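Trainee: Before anything else, here's the structure in question.
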Amino acid sequence: MTQPRLLDQVRNTLRVKHYSYRTEQTYIQWIKRFIYFHHKQHPVDMGEAEIKAFLTYLAVNKHVSSSTQNQALSALLFLYKQVLGVELAWLDGITRAKRPSRLPTVLPKDQVLKLLDAMNGANGLIARLLYGTGMRLMEVMRLRVQDIDFDYRQIIVRQGKGAKDRSTVLPSSVIAPLKQQLVHAKQLHQLDLSDGFGCVYLPFALARKYPNACREWGWQYVFPSVNRSKDPYDGTYRRHHLDEKNVQRAVKEAARKASITKRVSPHTLRHCFATHLLEAGTDIRTLQELLGHKDVKTTQIYTHVMKRGGFAVHSPLDVS
């Protein structure tokens, strides 16, 4: 039997281990760049020196950030340890770039409201969910109909960061527009069914275990894409969720309209959610659960950006 090509082996291993498609694309790109950097040598014939040379090139010549450098290293470690089965001491001895400690960008509540007022439609609703629930952008984009519980006023986040489920609050102010969005999504779903489509992507092996579940209303995306597209895994044409880039552009444009000078992204609204809840007296452990942080130390960073100035110290210029 012919041995699969190296990159096909990488793809197969990533899928067996249930890595996301985005991670698959990223890892493949870094591995290709590593191979081309060393003039198409096979990774089996390379080792620690070649990896360090590549990472040094990224840092010194390409001036990439520490997180990007670590991303490249993660891809190469996956290649050697998981795909090629190389278990050598130097793999675990490679030092990761130290990530700089930066405080999150947070807007005061009045600026958040101005930002949200400058947005409308599906993008406006998504932005309100980001601020009102503290979810990450892709967690909102991947919401399924069955994940919204109007009775208990909560949203269930499935397979969040770290492959963990959690629940967060459903703001009362978004219930009406969210129900209207579901009406729109159901119309698209019924149209797809009438055209012979309507089967949404299901995670893991659920599609094989429950063959008809992909057409059920509860599994459909809350924010479906305008057009159907080809699934990169099996080639099936289906309706995916909205492209997150649309939301990113809409938030940036809204910040410009609202004359906000800080650098704002959809993730800024998650930071605002956390900081404003802490300022309102929410317990940090409760906030940790809402955000889905593994360690409370991650949540504690928001205590440094609350409305207290530098460590709640008064400037000597203001002291009479």
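Read-outs throughout are calculated quantities, based only on the coordinates presented, and are distinct from any laboratory measurement. The shown structure was predicted, so the numbers you read here are calculated from the model rather than taken from an experiment. Cβ placement follows ideal geometry from the backbone for every residue including glycine, while neighbour counts extend to all protein chains displayed.
Trainee: Are there any helices in the chain, counted as whole DSSP H runs, that stretch 27 Å or more along their axis by Cα and score at least -1.0 on average by Kyte-Doolittle, and if so which?
Mentor: Working: long enough: 175-194 (28 Å, -0.14).
Those that pass (Cα extent of 27 Å or more, hydropathy at least -1.0) are 175-194.
Trainee: Note the full-extension length gain between ARG102 and ASN12 as 0.36 nm times their separation in residues minus their Cα-Cα distance, in nm to one decimal.
Mentor: Details: separation 90, 0.36 × 90 = 32.40 nm, distance 3.63 nm.
My answer for the length gained is 28.8 nm.
Trainee: Continuing with this model, one more query. Please list, in chain and number order, the residues 5+ apart from HIS241 or on another chain whose amide H is under 5 Å from its amide H, with Hs placed from the backbone.
Mentor: Those qualifying (amide H under 5 Å, at least 5 residues apart or on another chain) are SER225.
Trainee: Summing Lys, Arg as +1 and Asp, Glu as -1, what charge do residues with Cβ under 10 Å from the Cβ of THR168 carry, THR168 excluded? Write down the numbers at each step before the final one.
Mentor: Values: positive: ARG166; negative: GLU139, GLU289.
Computed value for this residue: -1.
Trainee: Students often check this: by mean Cβ neighbours within 10 Å, which of 56-65, 178-187 ranks highest, and how do the rest follow? The partial results should precede the final answer.
Mentor: On the way: 56-65: 12.6, 178-187: 14.2.
Per-residue mean Cβ counts within 10 Å order the peptides as 178-187, 56-65.
Trainee: Which links in LYS81/LYS230; LYS186/LYS230; LYS186/LYS257; LYS98/LYS164 stretch past 28 Å when you go from one Cα to the other?
Mentor: Working: LYS81/LYS230 32 Å; LYS186/LYS230 21 Å; LYS186/LYS257 32 Å; LYS98/LYS164 26 Å.
Violating the 28 Å Cα-Cα cut-off are LYS81/LYS230; LYS186/LYS257.
Trainee: Relative contact order of the chain: what whole-number percent is it, with Cα pairs under 8 angstrom and at least 6 residues apart? Could the numbers behind the result be given before it?
Mentor: On the way: 355 pairs, mean separation 57.2, N = 320.
Averaging sequence separation for qualifying contacts and normalising by length gives 18 percent for the chain.
Trainee: If I stretch the segment between VAL169 and ARG263 completely, what's the gain in nm (0.36 nm per residue apart, minus their alpha carbon distance), one decimal?
Mentor: Extra length available between VAL169 and ARG263 comes to 31.2 nm.
Trainee: Whose amide H sits under 5 Å from the amide H of VAL157, counting only residues 5 or more places off or on another chain, with H placed in the peptide plane?
Mentor: Those qualifying (amide H under 5 Å, at least 5 residues apart or on another chain) are ARG166, SER167, THR168.
Trainee: Follow-up question, since we're still on this one. Counting each pair of different Cα atoms once, what's the Kirkwood radius of the stretch 1-152 in Å, rounded to one decimal? If you can, show how the numbers build up before the last one.
Mentor: Values: mean 1/r = 0.0528 Å⁻¹.
For the stretch 1-152, the Kirkwood estimate is 18.9 Å.
Trainee: At what distance in nm do the modelled label points of ASN212 and TYR152 sit from each other, each positioned 7 Å from its Cα along Cα→Cβ?
Mentor: Those two pseudo-labels are separated by 2.7 nm.
Trainee: Which residue fluctuates the most in the chain, going by a Gaussian network model with Cα springs under 10 Å, if the choices are GLY124, GLY162, GLY292?
Mentor: Judging by the Gaussian network model, the answer is GLY162.
Trainee: Along the three principal axes, how long is the chain when you take its alpha carbons, biggest first, rounded to the nearest angstrom?
Mentor: 69, 67, 35
Trainee: For the residues ARG5, ARG270, what sequence is obtained by ranking on other C-beta atoms within 10 Å, fewest first?
Mentor: Fewest-to-most ranking of ARG5, ARG270: ARG5, ARG270.
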